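S.K.: Following this message is one structure expressed as C-alpha cells.
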Amino acid sequence: MTILITGSSGHLGEALARTLTATGRAFTGADIKPGPFTRHVGDIADPDFAARAVKGASAVIHTATLHKPHVVTQTMQQFVDTNITGTLNLAEAAAREGVAAFIFTSTTSTFGDAMKPPPGAPAVRVTEALTPIPKNIYGVTKLAAENLCHLVHKKHKLPCLILRTSRFFPEDDDNAQIRAGFDDLNIKVNELLYRRGDIADMVSAHLVALERAGDIGFGRYIISATSPFSEDDLADLGRDAPAVLRRYVNFDEEYARRGWRMFPTLDRVYVNDLARRELCWRPQVDFAAALARLKAGQNPFSDLKDQIGKKGYHDEIFEDGPFPVE
C-alpha cells in the first residue's frame, strides 16, 4: 500500500511520515511548501495537481488545510479554495483512482459555538451526536469539506473516514490571558483532560482508520485524549473543575511542586468513545499517564512531539501572540 499524505510538510503530516518511515511503509507526500517528506509541491486547489498527487496511491491521508491561526491572515476565499475545493479535488481523484481508504483530518472546531455554555453552566459533553455550529470560516469550511467527503462516498463508494482532531500542536496558546496566567506545559497537560491529544496518538488514529475504512465505509470520529470525566461530572466541571478531578487522580502535590494550577472550570469534554470502539484505537497519553511521567521526571508527551518541534503557521513573527486573533 502506497499512502499519499497531503500536508506532508506540516506538523501532523511530518509526524505521519516519520512514523511510516520508521515502520518501513511506503508513502509519498504533497504540500504547498517543500519539506523533507514532500515529493509533490503544489496547490491542492488545482485539480490537475491533486490528480497527479493521488496517481498511484492506494490510500490517502488528507491533512493539508488552512487552520484557525490563518483566519485573520487569509481571506475567506482562500479558505474555500484550500479546505473545500482542495478536499473535493482530492476525494474525486481518489475515487477515480480506486483507493482503498480516504482519511480526512477534520477538527473539533467544527462544533464551534455548540461547545460554549454560559458561565457557571454545565460543561458540554462533545460527542459525534452534537450538532456543529461553526463560529468562523475555518469551522465552516472544514464542516463543508466533511459533507463533500460524505457525498463522494455515497456517489462513488469511496471508503472515507473523518477524524475530528482536538488540539495537538505545540505552539503557544492563542489566548493572551491564559498565556499570562499559566506555564505553557501546564496548559497543555491540563488540556489533556478535555480538549487535547498527543501527536503520536493522532498518528495512530489515522493509521488504524486506514485499516478500518473499508469495513466501515463512512464515519466521523472525535480524536482526543481519553477524559476521566463522566456525564455526571458536567455540572460540577462548570463550577469547580479541580474538585471534580480530585475524584479521579491526586494531582495537587505534583502541581504544587511545579507551581502549576488546574483550570478553575471546564466548558467542554471531548468524548472519544466511538473512535476507541469502532476504530479499535488505543490512545496512550491521557492526563493520568502524563502526570505519572511528570512525577518520574519524564516528558509528559511522546518523543515525537519534540522531534518535530514547533513549525508555526506563518512566515512572519507577531508581537502579541503566536498568530493574530479576531
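S.K.: Of all residues in the range 257-283, which are more than 16 Å from Ser166 (Cα to Cα), in contact with a Leu (Cβ under 8 Å, 6 or more places away or on another chain) and not in a loop (DSSP other than H, G, I, E, B)?
M.R.: Matches in the range 257-283: Arg258 only.
S.K.: Moving on. Within the range 1-19, which residues are more than 17 Å from Val208 (Cα to Cα) and either out of contact with any strand residue (DSSP E or B) (no Cβ under 8 Å at 6 or more places or on another chain) or not small (Gly, Ala, Ser) (or both)?
M.R.: Thr6, His11, Glu14
S.K.: Scan Arg18, Arg52, Arg25 and give me the residue that is part of a loop (DSSP other than H, G, I, E, B) and of a type in the set (Lys, Arg). Lay out the reasoning, then the answer.
M.R.: Numbers: Arg18 fails: part of a loop (DSSP other than H, G, I, E, B); Arg52 fails: part of a loop (DSSP other than H, G, I, E, B).
After applying the criteria, what remains is Arg25.
S.K.: Quick one: Val60 ticks every box in (1) out of contact with any Cys (no Cβ under 8 Å at 6 or more places or on another chain); (2) touching a residue at least 60 places away in the same chain (Cβ under 8 Å); (3) surrounded by 20 or more Cβ atoms within 10 Å (Cβ to Cβ) bar one, so which box is it?
M.R.: Failing condition for Val60: (2).
S.K.: Okay, next question. Can you tell me which residue among Ala91, Ala129, Ala64 is among the hydrophobic types (A, V, I, L, M, F, W, C) and more than 25 Å from Gly42 (Cβ to Cβ)?
M.R.: The match here is Ala129.
S.K.: Check Asn147, Asn89 and return the single one that is over 15 Å from the mean Cα position of the chain (by Cα), surrounded by fewer than 19 Cβ atoms within 10 Å (Cβ to Cβ) and closer than 22 Å to Ala51 by Cα.
M.R.: Every option except Asn147 fails the conditions.
S.K.: Then there's this: Which of the residues that make up the range 240-256 are surrounded by fewer than 16 Cβ atoms within 10 Å (Cβ to Cβ) and assigned to a loop (DSSP other than H, G, I, E, B)?
M.R.: Asp240, Arg246, Arg247, Tyr248, Val249, Asn250, listed by residue number.
S.K.: Still on this model: Go through (1) more than 24 Å from Leu274 (Cα to Cα); (2) of a type outside the set (A, V, I, L, M); (3) at pLDDT 95 or above; (4) in contact with a Ser or Thr (Cβ under 7 Å, 6 or more places away or on another chain) one by one and return the number of the condition Glu97 breaks.
M.R.: (4)
S.K.: Going by the conditions given, is Tyr138 touching a residue at least 40 places away in the same chain (Cβ under 8 Å), in a loop (DSSP other than H, G, I, E, B) and not polar (S, T, N, Q)? Give the derivation first.
M.R.: Working: touching a residue at least 40 places away in the same chain (Cβ under 8 Å): yes; in a loop (DSSP other than H, G, I, E, B): no; not polar (S, T, N, Q): yes.
No, not satisfied.
S.K.: Quick check: is even one residue across the range 106-123 outside any loop (DSSP other than H, G, I, E, B), more than 29 Å from Asp233 (Cα to Cα) and not aromatic (Phe, Trp, Tyr)?
M.R.: Looking only at the range 106-123, we keep the residues that are outside any loop (DSSP other than H, G, I, E, B), and these are 106-115.
Checking which are more than 29 Å from Asp233 (Cα to Cα) leaves us with none.
Looking through the range 106-123, none of the residues is outside any loop (DSSP other than H, G, I, E, B), more than 29 Å from Asp233 (Cα to Cα) and not aromatic (Phe, Trp, Tyr).
S.K.: Only residues that are of a type in the set (D, E, K, R) and buried (at least 21 other Cβ atoms within 10 Å of the Cβ): list them for the range 192-211, please.
M.R.: Of everything in the range 192-211, those that are of a type in the set (D, E, K, R) and buried (at least 21 other Cβ atoms within 10 Å of the Cβ) turn out to be Arg196, Asp198, Asp201.
S.K.: The conditions are (1) surrounded by fewer than 19 Cβ atoms within 10 Å (Cβ to Cβ); (2) modelled with pLDDT under 95, and Gly24 fails exactly one of them. Which is it?
M.R.: Tallying (1) surrounded by fewer than 19 Cβ atoms within 10 Å (Cβ to Cβ); (2) modelled with pLDDT under 95, Gly24 fails exactly one: (2).
S.K.: Also, I was wondering about something else. Only one of (1) in a loop (DSSP other than H, G, I, E, B); (2) at pLDDT 95 or above is not met by Gly86, so which one is it?
M.R.: Gly86 satisfies all of (1) in a loop (DSSP other than H, G, I, E, B); (2) at pLDDT 95 or above except (1).
S.K.: While we're here: Could you say which residue among Leu143, Leu193, Leu185, Leu158 is closer than 30 Å to Ala256 by Cβ, in contact (Cβ under 8 Å) with a residue 24 or more places away in the chain, in contact with a helix residue (DSSP H, G or I) (Cβ under 6 Å, 6 or more places away or on another chain) and not in a strand (DSSP E or B)?
M.R.: Values: Leu143 fails: closer than 30 Å to Ala256 by Cβ; Leu185 fails: in contact with a helix residue (DSSP H, G or I) (Cβ under 6 Å, 6 or more places away or on another chain); Leu158 fails: closer than 30 Å to Ala256 by Cβ.
On inspection, the qualifying residue turns out to be Leu193.
S.K.: Sticking with this one: For Gly321, are the conditions met, namely being within 25 Å of Thr107 (Cα to Cα), in contact with a helix residue (DSSP H, G or I) (Cβ under 8 Å, 6 or more places away or on another chain) and either outside any loop (DSSP other than H, G, I, E, B) or at pLDDT below 95 (or both)?
M.R.: yes
The values are calculated or read from the model by the stated rules, or taken from the named source; none is laboratory data. Every value quoted in this text rests on a predicted model; they were computed, and no experiment measured them. Note that we place each Cβ from the backbone using ideal geometry, even for glycine, and neighbour counts take in every protein chain shown.
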